[in-house]
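Take a look at the structure below.
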Amino acid sequence: MMKSCYIHIPFCEKICSYCDFCKMYYNEKWVDAYLEELEKEMKKYQNEVLETIYIGGGTPSCLSIQQLEKLFQITSVLQKKKHYEFTMEANFESITKEKLELMKKSGVNRLSFGLETTNQKHLALLERTISKKKVKEVLVTARALGFSNINIDLMYALPEETIEELEQDLEFVFSLQPEHISCYSLMIEPHTKLGIHHVANIEEDLDAQMYQLLCQKMKRQGFIHYEISNYAKKGYESKHNLTYWNNLEYYGFGLGASSYINKNRYTNTKSFTNYLKGKYLSYSEKIEEEDNLFYDIMLKLRTKRGINIEKLEEKYHVKIEITSLLEQKLLKKSRKFISIPEDKWYISNEIILRFQEGVVKNEEGRSI
């Protein structure tokens, strides 16, 4: 049974120098045409009762009021469970009270704001403009309208960033009292503006120090570190993102969106021209049992809860040897669950690879 639906809005008023997502500059006519095609794509999937809906981008909040009304008209056909989660991404620069009122009226009950940093030097590098005053004003308005589940995105490990500058950003974010904080280390991709200009990532040791600082500060503020990059007050974990991390199936609509349906993974085209012609699909892959085992391990070990190893072995008919990882305290066991300790999450990729090497044989004696 499908639980979640992601809808991609690729438009932005300006392109950030680090952005690696599927995006394009805002153009009124292009947006109108895109929404018409999005409605057609979504029409064949209206029967599932969903637990989560997530509208991401791009910058969904850069759409006009009329375009947002059209978008919510499209999403209104989706059936929702009684206690659903409906998230919408927004930028502080493009949000208004009128847009927030429309979101609230249309059923959005979780907001996700991209703050990234408040440091003017780093904002200039990222090609962002934002002020603390504007941030506070927007959140006061959102709270007054009844939004009680708000995420703030924070970026760290920025070029030339210091520990002290990260601490200043953190203190400001804490002062906003969000229910959820997502923290991402800047990864400079080759075809982004930063990559093209050969801007270098910071030293790995400093990146690790910053990550440990985040973990410590979040804990002191009462946040639960429930996934490698995500922290939440109790009960405010992102239900939508947990769909991904628990390797459950989901719909994805719009330019460049991904879906996981009936053991098949689909990726939509990133070509705006093809999308407007109704040629949505770019790539599809049948997920075999061995592939799904890989996804189960890779995704679930990103979470605080981890993996129920007995169920994993039963589901895939395998035995998993992790004694050495437990002895080295790279894994810990809690009842039936195996997880990576928080102080080892920074090297989680290495641990996950070693975990996979411990998957030795299935019932027929064939190596996995």
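Read-outs: derived from the displayed coordinates by stated rules, not from any lab. Because the structure is predicted, anything quoted here is derived from the model rather than measured. Glycine gets a Cβ as well: all are built from the backbone with ideal geometry, and neighbour counts include every protein chain shown.
With a Cα cut-off of under 19 Å and a minimum spacing of 8 residues unless on different chains, the lysine pairs in region 199-303 number 8. When the Cα atoms of region 1-91 are aligned to their principal axes, the ranges along those axes come out at 38, 26, 20 Å in descending order. Rounded to whole numbers, the Karplus 3J(HN,Hα) couplings from phi for region 134-143 are 5, 4, 5, 4, 4, 5, 4, 5, 4, 5 Hz, using 6.51 cos²θ - 1.76 cosθ + 1.60 with θ = phi - 60°, and x at Gly and Pro.
Distant-in-sequence amide contacts of Glu127, defined by a placed amide H-H separation under 5 Å and a gap of 5 or more residues or a different chain, comprise Ser17.
Using the Cβ atoms and a cut-off under 11 Å, what net charge is assigned to the surroundings of Lys97, where Lys and Arg are +1 and Asp and Glu are -1?
Counting the neighbours of Lys97, the net charge comes to -1.
Here Leu213, Leu126 are placed in order of increasing Cβ neighbour count within 10 Å, fewest first, which gives Leu213, Leu126.
As a rough guide to protection, the peptides 127-136, 232-241 ranked by mean Cβ packing within 10 Å, highest first, stand as 232-241, 127-136. With θ taken as phi - 60° and the Karplus curve 6.51 cos²θ - 1.76 cosθ + 1.60 applied, the whole-hertz 3J(HN,Hα) list for region 298-309 is 4, 7, 6, 6, 7, 9, 4, 5, x, 10, 7, 5 Hz, x standing for glycine and proline. Under a 5 Å amide H cut-off, with hydrogens placed 1.01 Å from N, Gly256 pairs with Asn268, Thr269, Lys270 among residues at least 5 apart or on other chains.
Note on region 305-368: lysine pairs with Cα distance below 15 Å, sequence gap of 8 or more or different chains, count 10. Considering the chain as a Gaussian network with a 10 Å cut-off on Cα pairs, which listed residue, Gln79, Gln221, Gln328, attains the greatest mean-square fluctuation? Between Gln79, Gln221, Gln328, it is Gln328 that shows the largest mean-square fluctuation. For Leu154, nonlocal amide neighbours, meaning residues 5 or more places apart or on other chains whose placed amide H falls under 5 Å from its own, are Glu116, Ser182, Cys183, Tyr184. Each Lys or Arg adds one and each Asp or Glu takes one away; over the other residues whose Cβ falls under 11 Å from the Cβ of Tyr283, this sums to +1. By the count of neighbouring beta-carbon atoms within 10 Å, fewest first, Met88, Met187, Met1, Met24 end up ordered Met1, Met187, Met24, Met88.
Calculate the tail of P(r) for region 221-316: the fraction of all Cα-Cα distances greater than 15 Å, expressed in %. The share of Cα pairs beyond 15 Å in region 221-316 comes to 67 percent.
Just to confirm a number: summing +1 for Lys and Arg and -1 for Asp and Glu over residues other than Gln212 whose beta-carbon lies under 12 angstrom from that of Gln212, what do you get?
Net charge around Gln212: -1.
Fewest neighbouring Cβ atoms within 10 Å first, the residues Thr75, Thr192 line up as Thr192, Thr75. Across region 141-283, the convex hull enclosing all Cα atoms gives 177 Å³ per residue. The three principal axes of the C-alpha atoms in region 307-353 carry coordinate ranges of 30, 22, 16 Å, sorted with the longest axis first. Each residue of region 192-197 was assigned a 3J(HN,Hα) from its phi angle through the Karplus curve 6.51 cos²θ - 1.76 cosθ + 1.60 (θ = phi - 60°); the sequence is 7, 4, 5, x, 4, 8 Hz, with glycine and proline shown as x. Remark: the chain is approximated by an ellipsoid whose semi-axes, taken from the C-alpha gyration tensor as √(5λ), come to 33, 28, 20 Å, largest first.
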